[in-house]
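The values are calculated or read from the model by the stated rules, or taken from the named source; none is laboratory data. Since this is a predicted model, take the numbers as computed values, not measurements. Cβ sites come from the backbone with ideal geometry, for glycine too, and all protein chains shown count toward neighbours. Ligands, DNA and RNA are stripped out before the accessible areas are found, and what is left, the full protein with its side chains, is counted by its heavy atoms. Shrake-Rupley method; radii C 1.70, N 1.55, O 1.52, S 1.80 Å.
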Amino acid sequence: MATALRESTTHGDEVRRLRAQLDRIRGHKVETPALPVHSALAQLLPGQGLQPGSVYAVDSSAALLLALLAGPSRAGSWCGVIGMRGFGAEAAEEYGLDLDRLVLVPDPGPRWFAVASALAEVLPIVAVRPAGRPGDGDVSRLAARLRDRGTVLVTLGAWPGADALLSVSDPRWRGLGTGHGYLAGREVTVTASSRRFPVPRSTRMLLPDAAGTAAAVDPAPARATGDARVPTPIRAVG
């Protein structure tokens, strides 16, 4: 289950923090590896993963947000999720999130930005649904904090100055025959645009597949598509 963050800092963590601070004073940037993501998403992102200190804005798709968090969580990173009242822990676990390393704040109220800023101090990846547009000064200060801590911010909705924008379009459900059958996955186009490449990149994915997780699309064409309102045994996350 999702638990509260432990506020302990090891000697090794303190040494790494001081070393990074010294490198910044010397004007040398410490290269931190990107957080891993699903291979189908990696081909869309600069650096093939989630770059520490960067902001990724997801346009309304909770399923895509879960798919982005799943890779870092599976690799052992703590994740924070803020302002998502309908967050489904079971669906998140099916996507690959480790609930034992999840800090969940479903309803922070008007202090959502303060909560996101605080978690960005201690967690490697934070996801938030903005409850409004933050001020330019707040955005600049948080961006500096993200770079300083090497934290990744993923927003469900627009964010000023995001490093990459990701969206989902053209959904088609698999598994339906002519008036019968069960839904076996939702095939979508995921598109990423970034200041680091001039032309948006797109790929087809299953969000979710029959097992409730993210998957690359099989090159073989889907047999049939249908409407998402048909009863289905899989859990659909938008």
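Just checking, which of VAL58, VAL115, VAL105, VAL37 is modelled with pLDDT of 95 or more, under 21 Å from THR189 (Cα atoms), open to solvent by 20 Å² or more (accessible area, probe 1.4 Å) and not basic (Lys, Arg)? Being modelled with pLDDT of 95 or more, under 21 Å from THR189 (Cα atoms), open to solvent by 20 Å² or more (accessible area, probe 1.4 Å) and not basic (Lys, Arg) holds for just one of VAL58, VAL115, VAL105, VAL37, which is VAL37.
Screening GLY157, GLY137, GLY76, GLY80 for residues that are at pLDDT 95 or above, under 22 Å from ALA42 (Cα atoms) and exposed (fewer than 14 other Cβ atoms within 10 Å of the Cβ) leaves exactly one candidate, GLY76. SER202 meets all of the listed conditions (1) touching an Asp or Glu at 6+ places or on another chain (Cβ under 9 Å); (2) among the hydroxyl-bearing types (Ser, Thr, Tyr); (3) modelled with pLDDT of 85 or more but one, namely (1).
If you go through segment 83-100 and pick out every residue that is open to solvent by 20 Å² or more (accessible area, probe 1.4 Å), in a helix (DSSP H, G or I) and free of Cβ contacts under 8 Å to residues at least 60 places away in the same chain, you end up with 1.
From the list LEU142, LEU165, LEU123, LEU146, the one residue that fits, being closer than 20 Å to ASP59 by Cα, at pLDDT 95 or above and not polar (S, T, N, Q), is LEU165.
Condition check for VAL139 on (1) of a type in the set (Val, Ile, Thr); (2) in a strand (DSSP E or B); (3) out of contact with any helix residue (DSSP H, G or I) (no Cβ under 6 Å at 6 or more places or on another chain): one failure, at (2).
Scanning segment 205-229 for residues that are in contact with a Leu (Cβ under 7 Å, 6 or more places away or on another chain) and modelled with pLDDT of 70 or more, which turns out most open to solvent (accessible area, probe 1.4 Å)? Checked segment 205-229; the qualifying residue most open to solvent (accessible area, probe 1.4 Å) is VAL217.
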